[in-house]
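The structure appears below as structure tokens.
Just so you know, all these numbers are worked out from the coordinates, no wet-lab data involved. If you're wondering where the values come from, they're calculated on a predicted model, not measured in any experiment. Backbone-built Cβ (ideal geometry, glycine too); neighbour counts: all protein chains shown.
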Amino acid sequence: MKGIAVSTTVNGDAVEYVCHGRETLLDVLRNHLGLTGAKEGCGTGDCGACSVTLDGELVCSCLVLGAEVEGRTVETIEGMADGDKLHPLQKRFLDGAALQCGICTPGFLIAAKALLDRNNNPSESEIRYALAGNLCRCTGYDKIVRAVSAAAGDMRRQQKAQARRRATR
Amino acid sequence: MASFDVMPDIQLYQPVELDDALSLAERYGDGGWVLGGGQDTYGWLKDRAKNPQAMIDLSGIDSLRGIRTTDDGIEIGATTTLREIIRDERINRDFSLLAQAAGRVASPQIRNVGTLGGNLSQDTRCWYYRRGLACYRAGGNLCYADGPESMNREHAVLGASRCVAVSPSDTATAMVALEAMMVVASASGVRSIAAEDFFVGPATHITQMTALEPGEILTAVRIPSKWAGQRFYFEKVADRDVWDFALVSIAVAMRLEGDSIAESRFVCGGVACTPHRLKNVESAARGNSLSEASADAIAPLASAGAIPLNYNHFKLPLMENLVRRAMRG
């Protein structure tokens, strides 16, 4: 069967690959592009461990075909840190021990970032609503919710500081 | 039956014109799988519980996506995502019932990709059927969910006929309440079907959940202005507040004249193979006001005619209480 050639953008880089029609975006990320941060948990959309964003919207990469992302923009956990500098969410997850085994963590970080990019001051129930598609069997969720809330505060302070710097320039 | 966890070798078509999708659907017939957002597709294929020869992906067809104004209401393209419906200003203003129902589907990830057409035409969640057993719905001559040992807590209390599966769609109840029309295309033309007739029970067609025949594609849903801005009530009861399917849900549209109900549509999900209209509740509600007293008087009618299975008696008081809450005002 013939392969399907796809041009897309992953974490800001132009990427081209050839995939089979049956391959999911998760298969492509892990097997063709070597980006193994997104995990396959259930393969049916229950667990969210494979979460990535597609044009800024949170999706399960196990339920999107690799052939469907032609011309679109994919962001994965590998693109979250700025070089060695961790994203406030990553830092708060580490500081607050918002993980134990870690297999759900890339998905939670991506889901939390998708929320904070839209709403930088979410309430606890907004955080829980936005993370409802991600399962964690270790933490009991509380530490995750607190870490996201703290990271939102960090991001608001960063944004304020940036605005001040721009104003004084 | 083993779960294989990987997709089978299957041909993928990505047409960009509706006509091409329709001719592929005609060519493959029931061997063609029409793909919307795919959120309920890949589980079937990975489990080998359904084995189509080809997937016809509608996501590249621009004309099937978006929310448009019509002469009398709105038209929503079949591949419009649930997220787009939830965030649409006009739907939130005029048909908030649909926005609420769409907002209770599955998880954020699934709503971001899942389409209206896919949510409406998804197959049942009956786990015996989904496991690939040769039951009535799969063309066999047995119902595994309706025996003395069967686990049928989530199955039907109304409209069963050999098969006791229920409709899992949250948006389907809203569509029946809003008197939507389904626009269905095939290579030989276009027909439109009232939402109430689009969903079919086992007595009508035991292997299908909808009136869609092989070769047909649901292209759009038209919602008439009749119920725009009226009073709505939606509630979904599930074991888990997110991701889970409804045990019982209710979608209600009511037109009030002064304090009294002039006309209403009460539709329950999760109780029958189709969205189930509570016609006796609708006629009893006429002329009543929204109050505790009328809620108490009318609620017991909700479960009339229901026949519970071994493990789903609880659905009867749930139906009654959802009507009670809708009537309280």
Take the alpha carbon atoms of region B:277-325, find their center, do the same for region B:64-102, and report the distance between the two centers in whole angstrom.
-> 29
Between the alpha carbon centres of region A:68-87 and region B:124-141 the gap in Å comes to 41
Cβ-Cβ FRET estimate between B:Val16 and A:Glu16, R0 fixed at 22 Å, reported to 0.05 = 0.65
Nearest-0.05 FRET efficiency for B:Ser23 and B:Ser161 at R0 = 30 Å, using Cβ-Cβ distance, is 0.30
Cβ-derived FRET efficiency at R0 45 Å, A:Gln158 paired with B:Glu89, nearest 0.05 | 0.90
With chain B treated as a Gaussian network of Cα nodes joined by springs under 10 Å, which of B:Leu64, B:Leu142, B:Leu97 yields the largest mean-square fluctuation?
-> B:Leu142
If you line up the long axis of helix B:18-28 against the longest principal axis of chain B, both from Cα atoms, how many degrees apart are they, to the nearest 10?
-> 70
In what order do B:Phe198, B:Phe232 fall by count of nearby beta-carbon atoms within 10 Å, going from fewest to most?
-> B:Phe232, B:Phe198
With an 8 Å cut-off on Cα pairs and a minimum separation of 6 or more residues, tell me the relative contact order of chain A in percent.
-> 22
Residue-averaged [θ]222 nm for chain B, counting only DSSP H segments that reach four residues, each worth -39500 (n - 2.57) = -7000 deg cm²/dmol
So which of A:Lys85/A:Lys160; A:Lys2/B:Lys50; B:Lys50/B:Lys236 end up more than 26 Å apart, counting from Cα to Cα?
-> B:Lys50/B:Lys236
Dividing the mean separation of Cα pairs under 8 Å (6+ apart) by the residue count of chain B yields a relative contact order in percent of 17
Peptide A:133-140 - average C-beta neighbours from other chains (10 Å radius) = 2
For region A:22-55 and region B:216-257, distance of Cα centres in Å = 32
Inter-probe distance in nm under a simple model that places probes 7 Å from Cα toward Cβ, at B:Tyr311 and A:Thr9 = 5.0
For the residues B:Met7, B:Met182, what sequence is obtained by ranking on other C-beta atoms within 10 Å, fewest first?
-> B:Met7, B:Met182
Listing A:Lys39, A:Lys85 by rising number of other beta-carbon atoms within 10 angstrom, fewest first, gives A:Lys85, A:Lys39
Label-point separation (nm) for A:Arg72 and A:Tyr141, each offset 7 Å from Cα along Cα-to-Cβ?
-> 2.7
Expected vector for region B:149-158, Karplus 3J(HN,Hα) from phi with 6.51, -1.76, 1.60 and θ = phi - 60°, integer Hz, x for Gly and Pro, equals 9, 6, 8, 10, 4, 9, 8, 7, 10, 9
Taking region B:60-204 and dividing mean pair separation by its residue count, relative contact order in percent (alpha carbons under 8 Å, at least six apart) = 17
Within region A:31-82, list the GluC sites (Glu not before Pro) lying in a DSSP loop whose Cβ has at most 14 other Cβ atoms in a 10 Å radius.
-> A:Glu70
Loop-located trypsin sites (Lys or Arg not before Pro) in region B:237-329 whose Cβ has at most 10 other Cβ within 10 Å (DSSP) = B:Arg240
Provide, as a two-decimal number, the C-alpha radius of gyration of the protein assembly as shown over 2.2 N^0.38 Å, N being how many residues it has.
-> 1.01
Placing each pseudo-label 7 Å from Cα in the direction of the beta carbon, A:Leu94 and A:Thr36 end up separated by a distance in nanometres of 2.1
